[in-house]
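Okay, structure first, notes after.
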Amino acid sequence: MTDLNALKYTDEHEWLAISDPSTGSGTVVTIGITDYAADKLGDVVFVELPQVGLDITPGAVIGEIESTKSVGELYAPVVGRVLEVNEAVVDDPSLVNAEPFEAGWLIKVSIAEGGADALLDREAYVALTEG
Amino acid sequence: MTEARYTPLRERHESLGASFTDFGGWQMPVRYTSDLAEHRAVREAAGLFDISHMAEFLVHGADAAAYLDYALAGRLSTMSVGKAKYSLLLAEDGGIIDDVIVYRLAEDRFLIISNAGNRDAVGEALAERLRIPAVTVADVSDEYALIAVQGPASEAIVAEIAGITDVSTPWSEQKYYAWTDARFLGEPLLIARTGYTGEDGFELLVRAADAPALWDATLAAGEPHGLVPAGLAARDTLRLEAGMPLYGHELSLDIKPAQAGLGRVVASDKDDFVGKGSASAASDARVLVGLAAEGKRAGRAGYAVVTEGGTAIGEISSGALSPTLGHPIAMAFIDPSSAEEGTIVHLDVRGTKIPATVTALPFYRRKK
């Protein structure tokens, strides 16, 4: 299981897992949506993700997550470049509901070191969803 | 802001882990576990819905049938006792105040079930139209709860609910759009073979106080048959596949019955009724059609329907990725010149044009 306390969060209900910088390959964040967001959306039936190589800036809409009932947008949470998208989740969008923090991840983005520091920690995010 | 209302089954929904959503001022279960699983259960086995938010009116009196012929668009006077009929409550200008189901309980007694969000409007319109002596209309919504068992296993399930006795009509003789008398725990129960999912099914009208016991007994009877509690999200995709209109989407005060494909519901040869003479629409008025597309990306309510060149020719009223069919479906009001079956139009899905074909409704029809 993913240690949810080790993740960063946004108020758009995205989570970010930040790679260990000591690996030398730069800072990479894996981005998905939280279980809270997945529950609110209902069954996810369609996912559209950005092209690999796209440069993103915070707030830009870079993807869509559709459920039977509604459409959620994927917002870029950081400055960076898209390295990889999760083709498995495009093929089987139900992974977003089943394993939002694991197999249901959406994209990997390379960012500058410290580029995700300003985001919410677990405690602040939980407070947001309970507010 | 008025306070949100809950049905008598609130605690049942909470203990089943339901997510709630606002619907017509009511907090209703939108799903218990999964929209898609609940949808599939109704198509393949059965689902149990709490629809107690809907409003009920009792019409009583020697002239009740004549009164309803005047107050509603259809001809109710010729309906036999034991039957039910879909009808419309029209405004003077032919706009739709609500769609209703009318049950004839006795020669001089009818039950009207209307949408929750239109309860006040329906109550006011029914009261205003009381020009005939010896008829009374009572809003009994708060006295009753309504639960629906829908799906191919419905008959087997409802026949096995513990506590239901004195069923007047044998199960095998209960027809679609008919109702029968029964008792639940000794108290009156109305069992109607009606629904909003495109499947066989029953709607059970019970005293509000007995609703939790009936809910429990129905879940217990249904468990061996695959019955699951189902929320409004599944109800919406089920009715959309079945091509059934939803008030506020396919029906409104600005839509005439003929535009929504409901011309047959209006008995225009009746002597006089509210909306007569206005129920037909202008010949260039947009009409309701079904649209089917490929892929997984659904057009949603409010999205434009456009030509290949981008000219707006209509608007989607309801749309989803059909869980049963696996492709996007929608209902839309479009210009009559593009409404012929087989016409290719385009859906403007947040800036992307997706081709769609005008298709006959319903999208899904159950096997008999």
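The sole residue among B:Asp166, B:Asp210, B:Asp216 that is touching a strand residue (DSSP E or B) at 6+ places or on another chain (Cβ under 8 Å) and under 25 Å from B:Gly17 (Cβ atoms) is B:Asp210. Kindly establish whether B:His327 is at pLDDT 95 or above, surrounded by fewer than 17 Cβ atoms within 10 Å (Cβ to Cβ), under 28 Å from A:Leu74 (Cβ atoms) and in the same structural domain as B:Val287 (by TED's automatic domain parsing). Against the criterion (at pLDDT 95 or above, surrounded by fewer than 17 Cβ atoms within 10 Å (Cβ to Cβ), under 28 Å from A:Leu74 (Cβ atoms) and in the same structural domain as B:Val287 (by TED's automatic domain parsing)), B:His327 qualifies.
Residues of the range B:150-186 that are within 21 Å of B:Ala208 (Cβ to Cβ) and basic (Lys, Arg): B:Arg183 alone. Give the residues of the range B:332-368 that are acidic (Asp, Glu) and either part of a strand (DSSP E or B) or over 18 Å from B:Gly261 (Cα atoms) (or both), sorted by residue number. B:Asp348, the sole residue that qualifies.
Could you pull out the residue among B:Val81, B:Val42 that is within 14 Å of chain A (Cβ to nearest Cβ) and closer than 23 Å to B:Lys175 by Cβ? Going through B:Val81, B:Val42 in turn, the sole match is B:Val42.
Do you know which residues across the range B:61-97 are touching a Lys or Arg at 6+ places or on another chain (Cβ under 7 Å) and β-branched (Val, Ile, Thr)? Listed by number, the list holds a single entry, B:Val81. Cβ-Cβ under 9 Å, sequence separation 6+ or interchain: first residue in the range B:352-363 and more than 15 Å from B:Phe333 (Cα to Cα) and in the same structural domain as B:Ala293 (by TED's automatic domain parsing), partner modelled with pLDDT under 95 and in a strand (DSSP E or B). Which pairs? Pairs found: none. Filtering B:Gly117, B:Gly151, B:Gly95, B:Gly123 for residues that are touching a Ser or Thr at 6+ places or on another chain (Cβ under 8 Å) and more than 15 Å from B:Arg193 (Cβ to Cβ) leaves a single hit, B:Gly95.
Hey, could you check the range B:199-236 for residues that are under 19 Å from B:Ala153 (Cβ atoms) and β-branched (Val, Ile, Thr) and say which is surrounded by the fewest Cβ atoms within 10 Å (Cβ to Cβ)? Only one residue fits best here, namely B:Val228. Can you pull out the strands (runs of 3 or more DSSP E) entirely within the range B:242-325 that have at least 2 residues that are more than 14 Å from chain A (Cβ to nearest Cβ) and small (Gly, Ala, Ser)? Hits in the range B:242-325: B:287-293, B:312-321. In the set (1) surrounded by fewer than 23 Cβ atoms within 10 Å (Cβ to Cβ); (2) touching a strand residue (DSSP E or B) at 6+ places or on another chain (Cβ under 7 Å); (3) at negative phi, the condition left unmet by B:Gly25 is number (3). Quick check on A:Ala88: is it touching a residue at least 60 places away in the same chain (Cβ under 8 Å) and of a type in the set (Gly, Ala, Ser)? For A:Ala88, the condition - touching a residue at least 60 places away in the same chain (Cβ under 8 Å) and of a type in the set (Gly, Ala, Ser) - is not met.
Quick check on A:Val44: is it within 30 Å of B:Glu294 (Cβ to Cβ) and touching a Leu at 6+ places or on another chain (Cβ under 7 Å)? Criteria not met by A:Val44. For the range B:152-160, the criterion of a residue being touching a Gly at 6+ places or on another chain (Cβ under 7 Å) and assigned to a helix (DSSP H, G or I) is satisfied by at least one position. Counting only strands (runs of 3 or more DSSP E) that sit completely within the range B:1-111, those holding 2 or more residues that are closer than 30 Å to A:Ser67 by Cα and touching a Pro at 6+ places or on another chain (Cβ under 8 Å) correspond to B:19-23, B:46-50.
When residues in the range B:5-34 are screened for being within 20 Å of B:Pro212 (Cα to Cα), touching a residue at least 12 places away in the same chain (Cβ under 8 Å) and not β-branched (Val, Ile, Thr), 18 of them pass.
The values are calculated or read from the model by the stated rules, or taken from the named source; none is laboratory data. Computed from a predicted structure; not experimentally measured. No Cβ is skipped: glycine too gets one built from the backbone with ideal geometry, and neighbour counts run over all protein chains shown.
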